[in-house]
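Since every read-out is calculated from the coordinates, none of them should be taken as a lab result. Fair warning: this is a prediction, and the values are worked out from it, not measured in the lab. Note that each Cβ is placed from the backbone with ideal geometry, even for glycine, and that neighbours are counted across all protein chains shown.
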Amino acid sequence: MNLKKYNILTKFYIITIFPEIFKALNNYGVIKKAIQKKIIEIKCFNPRNFTNNKHRTIDDRPYGGGPGMVMCFQPLYLTIQYIKSLLKQAKVIYLSPQGKKLNHKTIHELIQNKKIIFICGRYEGIDQRIIQDQVDEEWSIGDYVLTGGELAAMVIIDSISRFIPGFIKKTSVNEDSFYHNLLDYPHYTRPRTIKNMKVPDVLISGNHNEIRLWRLKKSLKNTWKKRPDLLKNKNLSKEEKILLNEIKKNNKK
């Protein structure tokens, strides 16, 4: 691969008290290859290293009482400032259930940023003054609560990275679910028959146009059955409208 062709290095700097978690992301699969090829860079920073107490404490009890602990302002602030000294004009993102929900559209908003600092909260969250003073945006990967922001950061990094030039083949990305606001079509590989279940004949016909139409129709059918809300936001082509009408008509029989 000619790296000069892309000349892009997207940097993800992560604030986490559990940097070891990210070994699962950094040491395997296409993320590892992208790091080796200097397409992306992932670094972790532990706020415990920026504390001013001998026990390296980064949390304390919440004002007003209540369960759990809250991550303190100072260690997070000093960590952010240190990273900002390394990354000029980086966007600071706090991973929170209250944030903007991640989807295919919003991923493309994040792609524009080549330097991102992720804050991975723990316990009951982080001191609100960090959000007010340092955080540019809050992001969520869904309407549920995780024990920490690390897994959310990994999901977002993986999602963004797929669209960075040179990360994976463009044709693979173009055929993903949600790329055209449609779910993916079924996939098959060898052998042709398993437990009396056969690969559809059209896929071994060699007729590329028929294969394209079959895949489009299956994609439309999957979306209509499983995620009809996606179709409301899609401008269907004439061909797609005809195929979708066929699907609906056949389903009534």
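Inverting the pair-averaged 1/r between distinct Cα atoms of region 193-252 gives 12.9 Å as its Kirkwood hydrodynamic radius.
Of Lys195/Lys225; Lys43/Lys115; Lys198/Lys225; Lys11/Lys37; Lys32/Lys101; Lys37/Lys115, which sit over 20 Å apart, Cα to Cα? Checking Cα-Cα distances, Lys195/Lys225; Lys198/Lys225; Lys32/Lys101 exceed 20 Å.
In terms of overall dimensions, the C-alpha atoms belonging to region 63-197 reach 64, 37, 23 Å along their principal axes, ordered largest to smallest.
Of the complete DSSP H runs in the chain, those spanning 15 angstrom or more by Cα along the long axis with a mean Kyte-Doolittle score not below -0.5 are 73-86, 150-161. Rg and Dmax, both from the Cα atoms of the chain and both in Å, are 22.8, 73. Working ranking of peptides 128-138, 196-206 by packing, defined as the average number of other Cβ atoms within 10 Å per residue, highest first, is 128-138, 196-206.
Annotation for region 208-253 versus region 66-144: alpha-carbon center distance of 39 Å. The helix-based estimate of mean residue ellipticity at 222 nm for the chain, built from -39,500 (n - 2.57) per DSSP H run of four or more residues and divided by its residue count, is -11000 deg cm²/dmol to the nearest 500.
Amide H contacts of Cys44 (H built 1.01 Å from N, in plane; Pro and chain starts excluded): Ile14 sit under 5 Å, all sequence-distant by 5 or more or on other chains. The chymotrypsin sites (Phe, Trp or Tyr not before Pro) found in region 119-171 that occupy coil by DSSP, while having at most 13 further C-beta atoms within 10 Å, are Tyr144.
Between Glu239, Glu41, Glu150, find the one with the highest GNM mean-square fluctuation for the chain; connect C-alpha pairs within less than 10 Å. Looking only at Glu239, Glu41, Glu150, the biggest GNM fluctuation is shown by Glu239.
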